[in-house]
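Asker: Take a look at this one; I'll ask things after.
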Amino acid sequence: MEFDNYIWKIGDKYWKLAQKYYNDPTYWWVIGFINKKPIDSDVQVGDVIYVPLDIESVITILEG
């Protein structure tokens, strides 16, 4: 699985990253799950967040 490394900045939210990467803010929880930081407040400025690039593969794996 391929990931983009994203450095968390002031004002970032999982839903904003999901919108940017997947065109769907409802997949925000996938980014939190992958990073073992379930909610935005678990992330600090400067943290590296791993964003899976193929959302369909992630959903298939999680449903499996």
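Asker: Could you tell me how many of the residues in the stretch 1-23 are without any contact (Cβ under 8 Å) to a residue 24 or more places away in the chain and not polar (S, T, N, Q)? Break it down stepwise before answering.
Answerer: Quick first cut of the stretch 1-23, residues without any contact (Cβ under 8 Å) to a residue 24 or more places away in the chain only: 11, 15-16, 18-20, 23.
With not polar (S, T, N, Q) added as a condition, the list becomes 11, 15-16, 18, 20.
Going through the stretch 1-23 one residue at a time, the tally reaches 5.
Asker: While we're on this one: Inside the stretch 49-64, can you point out the residues that are more than 11 Å from the chain's Cα centre (by Cα) and outside any helix (DSSP H, G or I)?
Answerer: The answer is 54, 64.
Asker: Going residue by residue through the stretch 44-55, is there one that turns out to be open to solvent by less than 100 Å² (accessible area, probe 1.4 Å) and polar (S, T, N, Q)?
Answerer: No, that holds for no residue.
Asker: Filter the stretch 1-43 down to the residues that are of a type in the set (S, T, N, Q) and part of a loop (DSSP other than H, G, I, E, B), then identify the one that is most open to solvent (accessible area, probe 1.4 Å).
Answerer: Here the residue is 23.
The values are calculated or read from the model by the stated rules, or taken from the named source; none is laboratory data. Since this is a predicted model, take the numbers as computed values, not measurements. Neighbour counts run over all protein chains shown; Cβ positions are idealised from the backbone, glycine included. What goes into the accessible areas is simple: the full protein's heavy atoms, side chains included, and nothing from ligands, DNA or RNA. Shrake-Rupley method; radii C 1.70, N 1.55, O 1.52, S 1.80 Å.
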